[in-house]
Amino acid sequence: MIYLQLFWTFVKIGLFTFGGGYAMIALIQNEVTVNHAWLTQQEFTDILAVSQMTPGPVGINTATYTGYTAVLNAGYEPWQAVLGALLASGAVILLPVALMIVAVIFMQRMKGNRDMENVFSVLRKVVVGLIAAAALQLLTVDSFGQPGWTLQFVLSLIIFAAVFILSLRRKSPILLILASGVLGIIVYSLPL
């Protein structure tokens, strides 16, 4: 039964998500932590962190880890959880791939059409809103701990501000990620 629920849930998520993996996160979170309660908020936050650190699209990685964890939490064996991971991953891309094939054919025929350009202009704004919604939903105590102006929190804000400013100046994203990771390890290993 959980396999059918996983498949249907991730087909819906794949069909109604515009803007890529980050826009998909809010829908996945709502479905798996609220509607179906397959995962706790803490488990979802952990899955999201791992999904962002591993290679590949974050939405598909999140679907994969969520499918695995949901089946495992339902009491199934790990090998059955692998089937849940494959099912969730395949379901989330099934309809978008089919729709993209149709869309590419259609867009080739509508190239230069003013109405088409207007539709994409609106979709860009919707995508920004979906990504912002995903970011706001992650602003929880589970993700960041108890609020407070500790030295670690202030140092984290300084690191964030520095990386943000350096990214605006077109510094290497890889170096910024590595530097902020090293600084984060140092800051959170301080005995404060």
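The values are calculated or read from the model by the stated rules, or taken from the named source; none is laboratory data. Worth saying up front: this structure is predicted, and the values here are computed from it rather than measured. Counting neighbours? That spans all protein chains shown, and the Cβs are built from the backbone with ideal geometry, glycine included.
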Quick one: residue 101 ticks every box in (1) more than 24 Å from residue 5 (Cα to Cα); (2) at pLDDT below 90; (3) among the hydrophobic types (A, V, I, L, M, F, W, C); (4) in a helix (DSSP H, G or I) except a single one, so which number is it? (2)
If you scan segment 70-85, which residues turn out to be touching a residue at least 24 places away in the same chain (Cβ under 8 Å), of a type outside the set (A, V, I, L, M, F, W, C) and surrounded by fewer than 22 Cβ atoms within 10 Å (Cβ to Cβ)? 73, 76
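So which residues in segment 1-39 are β-branched (Val, Ile, Thr) and closer than 15 Å to residue 68 by Cα, if there are any at all?
2, 9, 28, 32, 33
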So which of 154, 187, 182 ends up being surrounded by 15 or more Cβ atoms within 10 Å (Cβ to Cβ) and hydrophobic (A, V, I, L, M, F, W, C)? 187
For segment 6-30, name all the residues that are over 15 Å from residue 98 (Cβ atoms) and outside any helix (DSSP H, G or I). 18, 19, 20
What is the residue count in segment 98-118 for residues that are surrounded by 11 or more Cβ atoms within 10 Å (Cβ to Cβ) and aliphatic (A, V, I, L, M)? 7
Index of the failed condition, residue 19 passing every other in (1) surrounded by fewer than 15 Cβ atoms within 10 Å (Cβ to Cβ); (2) of a type outside the set (A, V, I, L, M, F, W, C); (3) on the phi > 0 side of the Ramachandran plot: (1)
Residue list for segment 31-55, filter: in a loop (DSSP other than H, G, I, E, B) and polar (S, T, N, Q): 40, 54
Being out of contact with any strand residue (DSSP E or B) (no Cβ under 7 Å at 6 or more places or on another chain), over 25 Å from residue 53 (Cβ atoms), in a helix (DSSP H, G or I) and free of Cβ contacts under 8 Å to residues at least 24 places away in the same chain, is that true of even one residue in segment 137-153? no
What are the pairs, 6+ residues apart or on separate chains, where a residue within segment 166-183 that is in a helix (DSSP H, G or I) has its Cβ under 9 Å from a residue that is among the aromatic types (Phe, Trp, Tyr)? 180/160
Is it true that some residue in segment 104-124 is in a helix (DSSP H, G or I), in contact with a helix residue (DSSP H, G or I) (Cβ under 9 Å, 6 or more places away or on another chain) and touching a residue at least 24 places away in the same chain (Cβ under 8 Å)? no
